[in-house]
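J.: Below you'll find the structure I mean.
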Amino acid sequence: MELRILSAEDVERSLSMREAIALMRTAFAQLSAGQVTVPQRLRLDTRDGCTLFMPAYLRQTGDCCVKVVSVYGGNSARGLPSVTGIVVVLDSETGLPLALLDAQRLTSLRSGAAGGLAADLLARKDARTVALFGAGEQARAQLQGVLAVRRVERVYLFSRTRASAERLAAAIASWPGAPAVELVGRPGDAVRRADIVIAATTSNVPVFDGADLRPGTHVTGVGSYTPQMREVDETTVRRSRVIVDSREAALTEAGDLIQAGVSDVFEIGEILTGKAPGRQDDEEITFFKSVGVAAQDAAASRGVLERAERLGLGKRVVL
């Protein structure tokens, strides 16, 4: 049995953001059409942490994988990352494992692509400014997703840690055709000037005031993923038409929606299949809430593997 092992660098080199967005179109359309098998996430708790097992199978395209993620908070004292993971890509016809991929980079790529897809469907065509909350890898990926679909000219960046904001701003400046980046000290200074607002933090409380949103703004929230977390406030949720990646997952896990008492939502796949409208006018405020679904991993890992094989990336091992 032969496997291809792809590092974080291999994953990043294998798939562009535009290509990843195209794969998310396929994944979300299949999800909303009932063409995806996603068993309930399995959690294995140990004395020092937990490991999560997340499988998915896309019946139309045959994409199949299992993502395994471990969360061990004490690892930092050992000089190890607190969150680690791999993705096992499977042949859906034979069941044979085809590849092992770095899970962190794949997750960032597919999450950023989901945000880019949402912006493509929901942000105004003339959107040129972005308010970005957060300065980690997920914030970077979300901005890259938006840049793939809109000609952004300026980014207003807010982070609780000045040093991390400065590092991200320097990284953005090195990108081809990069927008100007302005570090702001108050959330409202960013939101009141933004056409698109991105929240990609680990905050348990809202990071901006929804009353500051201008008509026609598109908001993407990806940081909160438990009922107790809420980085987007109730004002934003109630002013917006809400679109989610998975209705079941979002209404179970997204504190932004649960704490606001909102359940009237559309899936992004329903827009893709014509069951729900995209942006309806230039005054509408839209909110895309993503908690992440394994269908995204299956589609993205298939795309990464196919491209890596063509480029000869990674290491091939025989077991």
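J.: Rg/Rh for the chain to two decimals, with Rh computed the Kirkwood way over all alpha-carbon pairs.
T.: 0.96
J.: What relative contact order, as a whole-number percentage, does the chain give when Cα pairs under 8 Å and 6 or more residues apart are counted?
T.: 22 percent
J.: Another one. List the relative contact order of segment 113-179 as a percent without decimals, with contacts defined as Cα pairs under 8 Å and 6+ residues apart.
T.: Relative contact order for segment 113-179 comes out at 36 percent.
J.: Not counting ligands, DNA or RNA, and with a 1.4 Å probe, what is VAL89's accessible surface area in Å² rounded to the nearest 10?
T.: Number for this one is 10 Å².
J.: At 0.36 nm per residue, and after removing the present C-alpha to C-alpha distance, how many nm does the segment from GLU248 to LEU44 gain when stretched out fully?
T.: Extra length available between GLU248 and LEU44 comes to 71.2 nm.
J.: With all protein chains present, how much of the accessible area of the chain (probe radius 1.4 Å) comes from carbon and sulfur, to the nearest whole percent?
T.: 50 percent
J.: What Kirkwood radius, in Å to one decimal, follows from the Cα pairs of segment 74-221?
T.: After inverting the mean inverse Cα-Cα distance, the result is 16.6 Å.
J.: Nearest 500 deg cm²/dmol is fine: what mean residue ellipticity at 222 nm does the chain get from its DSSP H runs of n ≥ 4 alone, each adding -39,500 (n - 2.57), divided by its residue count?
T.: The per-residue figure over the chain is -10000 deg cm²/dmol.
J.: Specify the inter-centroid distance of segment 74-117 and segment 2-30, based on alpha-carbon positions, in whole Å.
T.: Each part reduced to its Cα centre gives a spacing of 11 Å.
J.: How much accessible surface area, in Å² rounded to 10, belongs to the heavy atoms of THR202 with a 1.4 Å probe?
T.: Only protein atoms counted, so the area is about 100 Å².
J.: Excluding residues fewer than 8 places away in the same chain, name every one of the lysines whose C-alpha is closer than 27 Å to that of LYS315.
T.: LYS67
J.: Using a 1.4 angstrom probe and counting only protein chains, how large is the accessible area of GLU137 in Å², to 10?
T.: Near enough 50 Å² of accessible area.
J.: Here's a follow-up. For segment 49-195, build the charge dipole from Cβ charges (+1 Lys, Arg; -1 Asp, Glu) around the Cα centre, then report which of VAL68, SER111, GLN144 sits farthest towards its positive end.
T.: Highest projection toward the positive end goes to GLN144.
J.: How far is the Cα center of segment 164-191 from the Cα center of segment 235-291, in Å?
T.: Taking the Cα centre of segment 235-291 as reference, the centre of segment 164-191 is 27 Å away.
J.: With a 1.4 Å probe and all protein chains left in place, how much accessible area per residue does the chain have, in Å²?
T.: Solvent-accessible surface per residue comes out at 44 Å².
J.: Please state the charge dipole magnitude for segment 52-193, taken about the Cα centre, from unit charges on C-beta atoms (+1 on K and R, -1 on D and E), reported in debye and rounded to the nearest 20.
T.: Taking the Cα centre of segment 52-193 as origin, the dipole is about 620 debye.
J.: What dipole magnitude, in Debye to the nearest 20, does the chain give about its Cα centre under +1 on Lys/Arg Cβ and -1 on Asp/Glu Cβ?
T.: Result for the chain is approximately 440 debye, rounded to the nearest 20.
J.: Taking a label point 7 Å from the Cα of GLN35 along the Cα→Cβ vector, which residues of segment 109-150 have an amide N closer than 13 Å to it?
T.: Backbone N within reach: none found.
J.: By how many nm would the segment from GLU283 to LEU319 lengthen if fully extended, with 0.36 nm per residue of separation less the alpha-carbon distance?
T.: 7.2 nm
J.: Rounded if a/c is under 1.5, else prolate if a/b is larger than b/c, else oblate: which is segment 119-191, with a ≥ b ≥ c the root eigenvalues of its Cα gyration tensor?
T.: Prolate.
J.: State the antiparallel share, in %, of DSSP beta bridges confined to the chain, rounding to the nearest 5.
T.: Here the antiparallel bridges make up roughly 50 percent for the chain.
J.: Treating the beta-carbon of each Lys and Arg as +1 and of each Asp and Glu as -1, no other charges, what is the dipole magnitude of segment 109-250 about its Cα centre, to the nearest 20 debye?
T.: About 240 debye.
J.: Turning to a different aspect of this structure: Can you return the lysines within cross-link range of LYS289? Criterion is Cα-Cα under 19 Å, with same-chain partners fewer than 8 residues away left out.
T.: Candidates past the 8-residue exclusion: LYS275.
J.: List the residues of segment 60-89 whose backbone N lies under 12 Å from a point placed 7 Å from the Cα of THR202 along the Cα-to-Cβ direction.
T.: Output list for this probe position: 71-76, 81-84.
The values are calculated or read from the model by the stated rules, or taken from the named source; none is laboratory data. These figures come from a predicted structure and were not determined experimentally. We place every Cβ from the backbone using ideal geometry, glycine too, and count neighbours over all the protein chains shown. Side chains are part of the model used for accessible areas, which takes the heavy atoms of the whole protein and leaves out ligands, DNA and RNA. Shrake-Rupley method; radii C 1.70, N 1.55, O 1.52, S 1.80 Å.
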